[in-house]
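The structure under discussion appears below in the form of structure tokens.
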Amino acid sequence: MRTGEIEANLLKLNEEFRLPYISELVARKLAGPEKSKLEEADMGFHESEYQRLRAELQAAHEGSSLPEAPGEETRRALNDLLVRIRLMTIHRKG
């Protein structure tokens, strides 16, 4: 919300935020089975961090100048892009 850019990679995001536990959580997720669970001892810490980060996200949302929804011109441009990508995909299969 600060930059108007989307970044979904947690490790890349953490280059800015430097939360010490993110690398470990990502490593555990990559190494363990799908839907693995945190140990009970970890739950209190992660619950409090979740609440803290949610509050920060809410404050960033309230302070953001980004619009709630894209404008009509942006919607048309996105629709045009998606149609072109779909047509390219269809032509490659055909």
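Quick notes on this structure:
- Out of every Cα-Cα pair that region 1-40 contains, those further apart than 12 angstrom amount to 67 percent.
- For the chain, the solvent-accessible area of protein heavy atoms averages 92 Å² per residue (probe radius 1.4 Å; ligands and nucleic acids excluded).
- Charge dipole (the chain, unit charges on Cβ, about Cα centre) - positive-most of 48, 27, 91: 91
- A P(r) calculated from all alpha carbon pairs of region 28-70, with 5 Å bins opening at zero, reads 5, 18, 13, 17, 14, 12, 12, 9, 1 percent.
- Element breakdown for region 1-47 at a 1.4 angstrom probe: carbon and sulfur atoms account for 57% of the accessible area.
- At the residue level, residue 90 shows approximately 110 square angstrom of accessible surface with a 1.4 angstrom probe and all protein chains present.
- Subtracting the Cα-Cα distance of residue 28 and residue 79 from their residue separation scaled by 0.36 nm leaves 14.6 nm.
- Compared with the dominant principal axis of the Cα atoms in the chain, helix 22-31 is inclined by about 80°.
- The Cα atoms of the chain define a convex hull whose projected area, averaged across directions, is 9.8 nm².
- Axis of helix 40-63 versus longest Cα principal axis of the chain: the two differ by about 40°, to the nearest ten degrees.
The values are calculated or read from the model by the stated rules, or taken from the named source; none is laboratory data. It should be emphasised that the depicted structure is a prediction, and the values quoted were computed from it without experimental measurement. Backbone-built Cβ (ideal geometry, glycine too); neighbour counts: all protein chains shown. For the accessible areas, the whole protein counts, side chains as well, though only heavy atoms, and no ligand, DNA or RNA atoms are used. Shrake-Rupley method; radii C 1.70, N 1.55, O 1.52, S 1.80 Å.
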